[in-house]
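Peer 1: Please read through the structure below; I'll follow up with questions.
The values are calculated or read from the model by the stated rules, or taken from the named source; none is laboratory data. Keep in mind the model is a prediction, meaning the values are calculated, not measured. Cβ coordinates were reconstructed from backbone atoms using ideal geometry, including for glycine residues, and neighbour counts include every protein chain displayed. Calculation scope for accessible area: heavy atoms of the full protein, side chains included, ligands and nucleic acids excluded. Shrake-Rupley method; radii C 1.70, N 1.55, O 1.52, S 1.80 Å.
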Amino acid sequence: MNSKNLTPKASLKSIASYIPEKILSNKDFEQFIDTSDEWIVRRTGIKERRIAKDDETNSDLGTKAAIKAIQRAHLTPKDIDAIVVATLSPDYFTMPSTACKIAANLGLTNITAFDISAACSGFIYLLEVSKALVESGAKKNVLIVGSEKASSIMDYTDRSICILFGDGAGAGVVSLDTQNPIIDVHTASNGEFGELLMTKRSPKAKLCEPLAMKMKGNEVFKIAVNTLCNDVIELLNKNNIDSNQIDLFIPHQANLRIIKAVQEKLQLSDEKCVITVEKFGNTSAASIPMAMNEAYEEGRLKKGSLILLDAFGGGFTWGSALLQFGGENFTRF
Ligand code: ACO
């Protein structure tokens, strides 16, 4: 694929992640809820997930990923002129935004910063928003962060959901370049299904205390598989790209069975599919950038790699993205 553009386009110039140290394994869950390692692995593919410390906030996780992403783009924080964060587990309910907290942590006190709420599809939405910001000329270097402290909105007595989620953050910088563009992004939503996956507020509470996340998993599962299979095929067809041209498929990591269904539909080999759900679980808006970073640090994601992303989440929201990675190849130093 010829990646040279005469007109500069938005390009993802770096990727990085922060992974909390503490591991919560399936065996750990066996100690306090009625579940088993066997059930969780068979139904979801998840073996363990990471949990942030009590005093570690969502913005702390996001800041650590952001610092690395800015360095990897060969920039300093002062080169960043907008920060957009996708999260469903912000530090504060309504305000201040997690983006404002991350901006302050980076020493940026006069900058555009805002959060978006698109649940597990957050990183796809971030790509669309950042692409528009830089291609319109409104901003030069947009820091995008998917960051989750999902453990902070989880009911650890509800076995139908608590075994699925983990904490972590991923970040990248989007800037204009003449090579390796974000080729196309498709995002969508259907609020009629909102009640199948939601974080309610208590109807009685005067204070805005959210309740724990709830999901009708089986119903979400069926819609997610069908929607994602159609969405990725439409995006490839629209851009006249055959699935065998894709170097890496990096899907949202909710459930191994969902990932495999889309992988099969695209007829992609295991080598082309990035899977991290077994070790991180579902980290919602952080899952795609965390998976990208794993592929990057393993040397699988390289400068110019043609990658396909897809995600589905609460809202319902969903989307897919096609891009060539614009960052330098990973070097350990
Ligand atoms: N351990 C053991 N048994 C369990 C557990 C558990 N942790 N959880 C549920 N079960 C039981 C149920 O009670 C049920 O028992 P029953 O048959 O006696 O009633 C049985 O297992 C089957 O339950 P299902 O919910 O039908 O299980 P399913 O195979 O659908 O798997 C899962 C559940 C893993 C949640 C799956 O439905 C799923 O992955 N859904 C999609 C998740 C997703 O993609 N969400 C979108 C992104 S998330 C976001 O945006 C925040």
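Peer 1: List the helices (runs of 4 or more DSSP H) inside the range 216-333, counting only whole elements, that have at least 3 residues being in contact with a strand residue (DSSP E or B) (Cβ under 8 Å, 6 or more places away or on another chain) and within 20 Å of Gly168 (Cβ to Cβ). Spell out how you get there, then give the answer.
Peer 2: Working: elements: 217-238, 256-266, 277-280, 287-297.
It comes to 277-280, 287-297.
Peer 1: If you don't mind, another one. Taking Thr112 and the conditions (1) under 16 Å from the mean Cα position of the chain (by Cα); (2) open to solvent by 20 Å² or more (accessible area, probe 1.4 Å), which numbered condition does it fall short on, given that it satisfies the others?
Peer 2: Just one mismatch for Thr112, condition (1).
Peer 1: To continue, here is another question. Looking only at the range 88-102, filter to residues that are open to solvent by less than 10 Å² (accessible area, probe 1.4 Å) and hydroxyl-bearing (Ser, Thr, Tyr); which one of those is nearest to Asn282 (Cα to Cα)? Lay out the reasoning, then the answer.
Peer 2: Kept after step one, since they are open to solvent by less than 10 Å² (accessible area, probe 1.4 Å), are these residues of the range 88-102: 89, 98-99, 102.
Pick out the ones that are also hydroxyl-bearing (Ser, Thr, Tyr) and you get 89, 98.
Numbers: Ser89: 13, Thr98: 20 Å.
Step by step, filter the range 88-102, then rank; the result is Ser89.
Peer 1: For the list (1) part of a loop (DSSP other than H, G, I, E, B); (2) more than 16 Å from the ligand (Cβ to nearest atom); (3) open to solvent by 80 Å² or more (accessible area, probe 1.4 Å); (4) more than 22 Å from Ser152 (Cβ to Cβ), I need the number of the one condition that Gln71 fails.
Peer 2: Of everything listed in (1) part of a loop (DSSP other than H, G, I, E, B); (2) more than 16 Å from the ligand (Cβ to nearest atom); (3) open to solvent by 80 Å² or more (accessible area, probe 1.4 Å); (4) more than 22 Å from Ser152 (Cβ to Cβ), Gln71 misses just condition (1).
A quick yes/no check of all residues on (1) open to solvent by 10 Å² or more (accessible area, probe 1.4 Å); (2) of a type in the set (Asp, Glu); (3) more than 16 Å from the ligand (Cβ to nearest atom):
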| site | (1), (2), (3) |
| --- | --- |
| Glu219 | yes, yes, no |
| Thr227 | yes, no, no |
| Leu236 | no, no, yes |
| Asn240 | yes, no, yes |
| Gln245 | yes, no, yes |
| Glu264 | yes, yes, yes |
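Peer 1: Okay, next question. Regarding Lys78, is this residue closer than 22 Å to Val274 by Cβ and open to solvent by 50 Å² or more (accessible area, probe 1.4 Å)?
Peer 2: Taking the combined requirement at face value, the residue does not satisfy it.
Peer 1: For the range 74-107, name all the residues that are closer than 17 Å to Leu126 by Cα and of a type in the set (A, V, I, L, M). Spell out the reasoning first.
Peer 2: Here is the first cut: in the range 74-107, the ones closer than 17 Å to Leu126 by Cα are 80-90, 97-100, 102-103.
Listed by number, the residues that qualify are Ile80, Ala82, Ile83, Val84, Val85, Ala86, Leu88, Ala99, Ile102, Ala103.
Peer 1: Look through the range 88-120, keep the residues that are modelled with pLDDT under 95 and under 20 Å from Phe165 (Cβ atoms), and return whichever of them is nearest to the ligand (Cβ to nearest atom).
Peer 2: The selected residue is Phe93.
Peer 1: If you don't mind, there's one more thing I want to ask. Assess whether Gly62 counts as being within 16 Å of the ligand (Cβ to nearest atom), in contact with a strand residue (DSSP E or B) (Cβ under 8 Å, 6 or more places away or on another chain), assigned to a helix (DSSP H, G or I) and at pLDDT 95 or above.
Peer 2: no
Peer 1: Test Gly170 against the criterion of being at pLDDT 95 or above, among the small types (Gly, Ala, Ser) and within 16 Å of the ligand (Cβ to nearest atom), and give yes or no.
Peer 2: Taking the combined requirement at face value, the residue satisfies it.
Peer 1: Regarding the range 8-18, can at least one residue be identified that is over 20 Å from the mean Cα position of the chain (by Cα) and within 16 Å of the ligand (Cβ to nearest atom)?
Peer 2: For the range 8-18, residues over 20 Å from the mean Cα position of the chain (by Cα) and within 16 Å of the ligand (Cβ to nearest atom): absent.
Peer 1: Checking Met154 against (1) within 18 Å of the chain's Cα centre (by Cα); (2) under 22 Å from Pro289 (Cβ atoms); (3) without any contact (Cβ under 8 Å) to a residue 60 or more places away in the chain, which single condition isn't satisfied?
Peer 2: The number of the failed condition is (1).
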